[in-house]
Each structure stands twice: as structure tokens, then as C-alpha cells.
């Protein structure tokens, strides 16, 4: 039996409701309360160059375009992906890199039980895939499956299922051989998207996932695969990230306004906008 990982820091530096914004080679965190009043108050930041001495030198060229920055383990760590070709697990308090891997055109990742990490890779000669890693073993791919234009990976603990988003489909996986040194994932369901260009995949706190495509935003039922228009953003194109809490109706999102990036983060319930001029922002995540 594999030994469990030790728990992450019990007192996270960042607090629930804070906004994590990533783009270029940076991660910026803004005070959540101030943001919802329209003020951008920076409380924490990290730049790839701060990992000097912790990573092989070649990685700094792979961290030029961060595209997801997902809080995990009670907001004490960030799972960071870069479309330039890397995935990192970063401890927030110490800014120590806990895991790294070369992941071609990575667009999203999530933490699975027992320290496994799933990464969705987009269009690249070595990408178009869903990859599985162990955070104790940098760079070693444990399992790989085809996923054209991989853009989303979300582990749903309540269902013990991994959801992976591609160009035209939402795939569902179960764990296999998890207590061995050769774990894998088994594809158990697949749902075609209502339209092409799967981009954002995020949990909502209910039995649905929020999904964006090139032209629309949807809610997807995890069990049936039924897609319904997400009313607050249903007519919006090029939504790069969206975080929705069904219990409160709170929504925080980014939308491509200059090519693939923006200098703004938007919110609904309450309505707000903050400017982030020092970063070509791609995604925003909300501290849970």
C-alpha cells in the first residue's frame, strides 16, 4: 500500500474569496473583498524567475505563458499550467516548487487522490492528450490518453471521477490500479459538446460543470451529459475562465478582449470590474 502524503500547510497565506489571476509568466492574487468593491488590491505574487535554482534551466522558456492557476489543498498550493510547455505545483507560503513536468501546450490540471496530477494538453505535436503524473516523481508520465485540444481537467471528489474537456467532447474517467506504482485512468463516459471549441471547465458546487466553447457558455450535468445555456454568459464569446457558485449566484470571469488576453476581471453578484494592467491575464480562479 502506498503511503499517504503529508498534509499541506494548515494556515494558508491566502484566504477564501481571493482572486488568483495568471498570464505571461506571473501569478497575481487580489484581495477578494476589495475586488468585489471595484478595487484591485494585490496581496501576493509570483513570477517564474523566482523559481531559479528549483527548476532545470530549460523550464523558464516553458513558463512564458501561464494559462491556469488552480488553488488546491485548502488554498495552500497552486497548480499552474503553461501553454509554453510546463506544469508546476507551487507552495504558496514558501514559493517552493513541489512538482514539475514538461507538458506540451498544457491548459489545465487538477489534483487527484494520493498526490496524482492530471494534465490536459492542447494542440501540439506532443500534446492533444490527457496525462497522469505523481507529484513525488517529477516529469514521469504514468498514463496518457488521446484528448484533442485538451483544455480542461476537473476532479470531482464526490463522484470519484475526473472530467476532461477537449475540442468537441467532455470525457469522464475513473481511477484504476490506484494503490500501485502503475495507476491509470479508465474512460467510462463521453459527451459531445453542443458546439465546438471546448475551453473552460470548472466546478459549480452542484451536480453541474461550467463549460465554455468558442461561442457560448453552458452548464453540463455530470451524470447525464445534458447541456443547458448558462444564462449570465450565454451570449458571450471567447470566455477564457469562469467561476460560478450555484449557492450564491456569484460569478467571476475573464473574456479575451485583445487577442487571447485581457486587462480586466469581471464579476456578477456582486457586479464588479477590476483592472489588471501589469499582466496579460488569461484566467482567474477564486480561492475556495
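Derivation of every value follows stated rules applied to the coordinates shown; laboratory data play no part. This one's a predicted model, so the numbers in the text were calculated from it and none came from an experiment. Reconstructed Cβ throughout: ideal geometry from the backbone, glycine too, with neighbour counts over all protein chains shown.
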Exercise. Could you state the number of Å between the C-alpha centres of segment 94-161 and segment 173-199?
Worked result: 11 Å
For this session: Quick one: give the max-minus-min coordinate of the C-alpha atoms of segment 108-223 along each principal axis, largest first, in Å.
Result: 41, 34, 20
Seminar exercise, completed: Cβ density ranking, 10 Å radius, fewest first, applied to 22, 69 yields 69, 22
Seminar exercise, completed: Taking N as the residue count of segment 101-161, its alpha carbon Rg divided by 2.2 N^0.38 Å gives 1.05
Seminar exercise, completed: the chain, Gaussian network, Cα under 10 Å: of 244, 133, 143, the residue fluctuating most is 143
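Order these by the 10 Å Cβ neighbour count, fewest first: 137, 255.
So the ranking, lowest neighbour count to highest, is 137, 255.
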Seminar exercise, completed: When 260, 46 are ranked with the fewest other C-beta atoms within 10 Å first, the list becomes 260, 46
Seminar exercise, completed: Subtracting the Cα-Cα distance of residue 246 and residue 114 from 0.36 nm times their residue separation yields 44.7 nm
For this session: Consider the candidate values [x] 22.6; [y] 20.0; [z] 18.7; state which one is Kirkwood radius over Cα pairs in Å computed from the structure displayed.
Result: [z]
Problem set entry | Residues of segment 173-200 with amide N under 20 Å of a point placed 7 Å along Cα→Cβ from residue 160 | 173-190
Problem set entry | Contour minus Cα-Cα distance for residue 268 and residue 174 (0.36 nm per residue) | 30.4 nm
